[in-house]
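For reference, the structure is listed below as structure tokens.
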Amino acid sequence: MKSLKEEIDMTRLPGHIAIIMDGNGRWAKKRLLPRKLGHKAGADTLEEITKAADALGVKHLTVYAFSTENWKRSQEEISGIMDLLRNYLDRYIAKADKENIKIDIIGEKSRLDEDIQEKIKLIESLSAEKPGLNLHIALNYGGRDDILRGFKKIAARIENGEIKAEDITEEMISESLDTGFYPDPELVIRTSGEERISNFLLWQIAYSEFVFNKKLWPDYKPEDLYEDICYYQNRERRFGGR
Ligand code: FPP
């Protein structure tokens with residue numbers, strides 16, 4: 001029997017997969033552990049899934065690590081997630097010469113602690129020339145905030161006389177977003193059984209396929225990714241046509 005990985009049609013591999021990594025809290029609760037250990041397990045899963053997606057040949061992976069709404073969580077939980085991020089960035093920086101993947105951050109970075117902003121700059125420059133998968137980590141990211149910031153960039157161009165309102169095109173709007181330099185996701189995966197978009201990439205998902213996987217994010221394994229890709233490939237994308 002073929003393995004799930006062998007079932008994947010490599011000629012139709014999604015070039016961009018976006019993931020809402022949900023269920024860390026429930027994973028910890030089931031084990032009577034503090035929520036921060038759920039996020040720690042979630043960060044380990046992120047590394048494993050990034051490696052698996054890179055090995056498959058996926059070009060772009062966008063992951064929702066911290067939303068604009070997540071600031072409403074307890075200070076303890078927010079610090080826990082930020083410390084995981086620091087640790088993740090430090091580990092990449094330490095072994096950057098051996099790494100294959102390229103990392104960048106989408107979202108509004110100015111609200112992040114200064115030291116995190118510095119690490120982000122360093123990691124983006126250290127990884128810029130890497131040949132492998134592009135990992136886009138969404139931090140302090142909100143789809144509406146992304147569109148709002150994009151609107152302001154376009155409005156500024158109108159204000160300084162560079163363009164007229166009637167010159168605005170869909171491409172211009174796409175390019176004004178944080179994701180402007182890479183293609184829209186073909187596939188969006190959300191774990192933990194929740195079926196919501198939670199203000200993730202709003203403009204960019206116009207034609208995306210969705211897979212809602214019941215596994216909690218820390219339990220999500222490369223086999224689950226292969227299965228979700230197969231499930232996506234067995235659907236037909238019509239883009240509104242016939
Ligand atoms: C959703 O689970 C998850 C988050 C809000 C945070 C996701 C963060 C990580 C996976 C770690 C990020 C680390 C790095 C290195 C970028 P939840 O807490 O909403 O889970 P619940 O719905 O079960 O409570």
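The values are calculated or read from the model by the stated rules, or taken from the named source; none is laboratory data. Quantities reported herein were computed from a predicted structural model and do not represent experimental measurements. Glycine also receives a Cβ, built like all others from the backbone with ideal geometry; neighbour counts cover every protein chain displayed. What goes into the accessible areas is simple: the full protein's heavy atoms, side chains included, and nothing from ligands, DNA or RNA. Shrake-Rupley method; radii C 1.70, N 1.55, O 1.52, S 1.80 Å.
Brief remarks on what is shown
- Between amide H atoms placed 1.01 Å from N, distances below 5 Å from residue 211 occur with 188, 189, 190, all of them 5 or more places distant or on a separate chain.
- Summing Cβ point charges (Lys, Arg +1; Asp, Glu -1) relative to the Cα centre of the range 166-242 gives a dipole of roughly 480 debye.
- Quarter of the Cα convex hull surface for the range 111-230, i.e. its orientation-mean projected area (nm²): 10.1 nm²
- Options 191, 148, 177, ranked by Cα towards positive dipole end of the range 133-242, top entry (Cβ charges): 191
- Inter-site label distance for residue 235 and residue 33 at 7 Å from Cα along Cβ, in nm: 3.1 nm
- Mean-square fluctuations from a GNM of the chain, with a 10 angstrom spring cutoff on Cα atoms, peak among 42, 23, 193 at 193.
- Rg over Rh [alpha-carbon atoms, Kirkwood Rh] for the chain: 0.97
- Three-way shape call for the range 1-141 based on the alpha-carbon gyration tensor, with the a/c threshold at 1.5: oblate
- Taking a ≥ b ≥ c as the square roots of the eigenvalues of the Cα gyration tensor, an a/c ratio of 1.5 or more together with a/b larger than b/c marks the range 142-213 as prolate.
- Across the accessible surface of the range 75-143, with the other protein chains kept in place and a 1.4 Å probe, carbon and sulfur atoms take up 49 percent.
- Across the range 114-157, Cα-Cα pairs more than 15 Å apart make up 62 percent of the total.
- When the pairs 2/51; 109/214; 98/215; 98/121; 59/221; 36/119 are compared against a 24 Å limit on Cα-Cα distance, 109/214; 98/215 fall above it.
- Relative contact order (%) - the chain, alpha-carbon pairs under 8 angstrom, separation at least six: 30 percent
- Eligible aspartates and glutamates near residue 152 by straight Cα distance, threshold 20 Å, same-chain separation 8 or greater: 108, 162, 166, 167, 170, 171, 175, 178
- Globularity ratio of the range 1-58, using Cα Rg and 2.2 N^0.38 Å: 1.45
- Residue 86 - accessible surface, heavy atoms, 1.4 Å probe, Å² rounded to 10: 50 Å²
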